[in-house]
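A.B. asks: My questions will all concern the structure given below.
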Amino acid sequence: MAEQTYQFGDYELRQVVTAPPYYENCYVVHHRPTASTMIVDPGASPREILAAADRMGGTVTAILLTHGHPDHVAGLQQVADSTRAPVYAHRNEQVILDAAAEWGMALLRTALTVPPVTYFADQAVLDLAGGVTVVATPGHTPGGVCYSFPGFALTGDTLFDHGFGRTDFPGGDPAHLRASITAFLDAVAPEDQLFSGHGGPWTAAVARAWWHNGGAAMLG
């Protein structure tokens, strides 16, 4: 599996590109002062994800989900079983995660299972590894979120490099996604690096310019 490592002050970020057919990006975030490691969106390739976390050191203290589509949670059960770390997602995503078996059969031809999930509401910060800022970004799914850290943000399938997540699956809403992306780009610093669920990173400044010069119009 392809793997890239980035440094942002107290944080180390490791991007693990998971197996085909979706090549989803799982992110492993290590906070040096607390020796805490978080795994975000463990799609396929749980063995490689766990190995990446081991190489970063520290203890896996949380598993965060940007949303519950199967390409982002296919390895969740195995990663949760191995680390015994709690799983966190927005409460509006429960409808997607409760149907994980059906979603898995439809998109991956396998019935996925999901461990117990701690659901949070629209709150500003999760008290994990120095604090994780949560920006609710419904539209791709009902409970999609982005996670913001000093210098970078993890955008899941809300926002890609010059693109955004599809809205034609159950629970998708183009008007909500457009409002979500606008609010998110207004909230992050221009110099922040944005890391999405598929593809490579880009800066918030470039994303904002693209969004306001034609990107938003693509959502009607």
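Throughout, read-outs are computed from the coordinates displayed, never taken from laboratory work. Note that the structure is a prediction, hence the values are computed from the model and not measured. Methodologically, a virtual Cβ is constructed for each residue, glycine included, from the backbone with ideal geometry; neighbour enumeration extends over all protein chains shown.
A.B. asks: Provide the net charge surrounding residue 216, with neighbours chosen by a C-beta distance below 13 Å and charges set as Lys +1, Arg +1, Asp -1, Glu -1.
C.D. replies: +1
A.B. asks: Please report the orientation-averaged projected area of the stretch 107-202, defined via the convex hull of its C-alpha atoms, in nm².
C.D. replies: Numbers: hull surface 29.2 nm².
For the stretch 107-202, the mean projected area of the Cα convex hull comes to 7.3 nm².
A.B. asks: Near residue 30, within a Cβ-to-Cβ distance under 15 Å, what is the net charge of the other residues, with Lys and Arg +1 and Asp and Glu -1? If you can, show how the numbers build up before the last one.
C.D. replies: Values: positive: 14, 32, 55; negative: 3, 10, 12, 54.
Every neighbour counted, the sum reads -1.
A.B. asks: Compute from the Cα atoms of the chain the Rg and the Dmax, the latter being the longest Cα-Cα distance, and quote both in angstrom.
C.D. replies: 15.9, 45
A.B. asks: If you average the alpha carbon positions of the stretch 14-32 and of the stretch 153-220, how far apart do those two centres end up, in angstrom?
C.D. replies: The distance from the Cα centre of the stretch 14-32 to that of the stretch 153-220 comes to 19 Å.
A.B. asks: Take the Cα gyration tensor of the stretch 171-212, multiply each eigenvalue by 5, square-root it, and list the three semi-axes largest first, rounded to whole angstrom.
C.D. replies: Details: eigenvalues 68, 35, 14 Å².
Its equivalent ellipsoid spans semi-axes of 18, 13, 8 Å.
A.B. asks: Here's something else I'd like to know. Roughly how many whole Å is it from the C-alpha centroid of the stretch 96-133 to that of the stretch 65-84?
C.D. replies: The stretch 96-133 and the stretch 65-84 have Cα centres spaced 7 Å from each other.
A.B. asks: What translational D, rounded to a whole number of µm²/s, comes out for the stretch 147-205 from Stokes-Einstein when the hydrodynamic radius is the Kirkwood one over Cα pairs, at 37 °C and 0.692 mPa s? Before the final figure, lay out each step's value.
C.D. replies: Values: Rh = 11.7 Å.
Roughly 281 µm²/s, to the nearest whole number.
A.B. asks: Which whole-number percentage describes the relative contact order of the stretch 1-109, with Cα contacts under 8 Å and a sequence gap of 6 or more?
C.D. replies: Details: 206 pairs, mean separation 21.2, N = 109.
Value for the stretch 1-109: 19 percent.
A.B. asks: A further question follows. Taking every alpha carbon pair in the stretch 15-66, what does the distance histogram look like in 5 angstrom bins from 0, in percent?
C.D. replies: Per 5 Å bin, starting at 0, the Cα pair percentages come out as 5, 23, 33, 23, 11, 4, 1, 0.
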